[in-house]
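Presented below is the structure to which this report refers.
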Amino acid sequence: MNYFICHYSEIGLKRKNRAFFEKKLIFNIKEIIGRENINRIYKNISTIIIETEKSENFISEKLKKVYGLANFAPSLKTEIDINKIKDVSLQVIKDKKLKTFKVETIKSYKNINLSSHDINCAVGDYILKNTKNKKVNLDSPDITIFIEILKDEVFIYTQKIKCYGGLPVSTSGKVAVMISGGIDSPVASSLMQKRGAKCIFVHFHAYPYTSKSSIEKVERLVKILTEYQIDSKLYLVPFGDIQKEIILTVPTKFRVLFYRRVMVKITQEIAKKENCLGIVTGDSLGQVASQTLESMFCVHNGIKLPIFRPLIGFNKEETIKLSKELNLYEISILPYEDCCSRFVPQNPAIRPDIKEFLECEKRLNISKIIKDALKKVEIRNFNLNK
């Protein structure tokens, strides 16, 4: 049997609501690993223990995708008996070709009369007597043996595998994400997932006026993001005819801003239908003409739902780094035909005047545009275990 001891940090501060977050975290672990792959999962003090016959690599890759976990450790399990703790600790290190080590005991439960220091010394001495060419180094050891004492059981391990932390997905409600096939919006989605939000995805495309490349890319990106939130819904909104109407109706300099504004308004209606509590964009302040403060003020003016912009202070390099960590980057950089890149004016407005902008909006029948768009929406469902 293989054992994994999982630690969380932020959830531990929730006090009266802590049980709610712990329950959701355990549910997410079960779903992401696959219930059929877990023999037993349970809570002991402030840790979650997984018993499984699956390989360390398989479980590790799954646990890295569980938001809410601070870290986890593949472990050996033993009883609360100093002699058995010594034997298992020796087993952990004996065959490793390392010269120095230290022992670190974490007592989460006071069910052994020895102090953490006493256990460290006893185990360290035992290892020194039963191995050759190994020395204790408390400052910078080649390996640390962690002994974690919980209620009725002890876990011993040598590595803590870092996770993203945050809150379990679906503990903070739902948001509607305007997702393109680029780098930014998938990363923004992931950051909202990390804060416990479940994402409903909305993608605007120009098919059949362009190829299906943007749809295919977004489907691949949503599949990856579903690995973190178990199941997802993707709304595909045809935007080609709406673009034509905008091009024929509003001044050229405002064209891109009206693309964005109509998209936000359509997303707001989808968000209401899905009981979402906000809209998420991949905006980064000043990155492009439509993301200046003045442009965003015009685009989002009068929108009733909160607009969340997780990347607002990021530069492109920071976003790319996260995209690579989340295995989104290689898909995000594939070429595709973005509906917003069609008919882009040579000199788009950078600092639009809100009065002039809203005056131009009167020329569009926004309510009809939204109503017609919602009739043509396609919905795709994604599930991690199907």
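Some observations on this one:
- Against the list (1) touching a Ser or Thr at 6+ places or on another chain (Cβ under 8 Å); (2) among the hydrophobic types (A, V, I, L, M, F, W, C); (3) in a helix (DSSP H, G or I); (4) more than 23 Å from I11 (Cβ to Cβ), the condition L128 fails is (1).
- Among residues of segment 184-211, those that are within 22 Å of D231 (Cβ to Cβ) and part of a loop (DSSP other than H, G, I, E, B), counted: 2
- Selected residue (only one of K102, K65, K77 is surrounded by 15 or more Cβ atoms within 10 Å (Cβ to Cβ), touching a helix residue (DSSP H, G or I) at 6+ places or on another chain (Cβ under 7 Å) and either under 21 Å from E153 (Cα atoms) or not hydroxyl-bearing (S, T, Y) (or both)): K65
- Residues (open to solvent by 30 Å² or more (accessible area, probe 1.4 Å), among the polar types (S, T, N, Q) and out of contact with any helix residue (DSSP H, G or I) (no Cβ under 9 Å at 6 or more places or on another chain)) located in segment 135-169: N137, S140, Q159
- Consider segment 36-58 and keep the residues that are touching a strand residue (DSSP E or B) at 6+ places or on another chain (Cβ under 9 Å) and charged (D, E, K, R). The one that is nearest to V169 (Cα to Cα) is K43.
- Being open to solvent by 10 Å² or more (accessible area, probe 1.4 Å), of a type in the set (A, V, I, L, M, F, W, C) and under 23 Å from L358 (Cβ atoms) is a description that does not apply to L277.
- Considering segment 230-257, the residues that are part of a strand (DSSP E or B) and more than 22 Å from E325 (Cα to Cα) include one that is most open to solvent (accessible area, probe 1.4 Å), namely K233.
- The set of residues in segment 115-134 being over 41 Å from the mean Cα position of the chain (by Cα) and open to solvent by 40 Å² or more (accessible area, probe 1.4 Å) consists of D125, Y126, L128, K129, N130, K132, N133.
- Residue in segment 140-148 that is under 24 Å from I80 (Cα atoms) and in contact with a Leu (Cβ under 7 Å, 6 or more places away or on another chain) present: yes
- Selection status of V177, under 17 Å from the mean Cα position of the chain (by Cα) and not in a strand (DSSP E or B): no
- Inside segment 90-115, residues that are within 30 Å of Y164 (Cβ to Cβ) and in a helix (DSSP H, G or I) make up a count of 2.
- Test: I82 is open to solvent by less than 60 Å² (accessible area, probe 1.4 Å) and under 29 Å from P141 (Cβ atoms): yes
- Under the condition of being surrounded by fewer than 18 Cβ atoms within 10 Å (Cβ to Cβ) and in contact with a Gly (Cβ under 8 Å, 6 or more places away or on another chain), the residues counted in segment 1-44 number 3.
- Count of segment 179-197 residues, restricted to those that are in contact with an Asp or Glu (Cβ under 9 Å, 6 or more places away or on another chain) and of a type in the set (D, E, K, R), is 1.
- Filtering segment 181-229 to residues that are touching a Gly at 6+ places or on another chain (Cβ under 9 Å), under 20 Å from G68 (Cα atoms) and open to solvent by less than 10 Å² (accessible area, probe 1.4 Å) leaves P186, V187, A188, S189, Q193, G196, A197.
The values are calculated or read from the model by the stated rules, or taken from the named source; none is laboratory data. The structure presented is a predicted model; accordingly, all values stated were derived computationally and were not measured. Cβ sites come from the backbone with ideal geometry, for glycine too, and all protein chains shown count toward neighbours. Side chains are part of the model used for accessible areas, which takes the heavy atoms of the whole protein and leaves out ligands, DNA and RNA. Shrake-Rupley method; radii C 1.70, N 1.55, O 1.52, S 1.80 Å.
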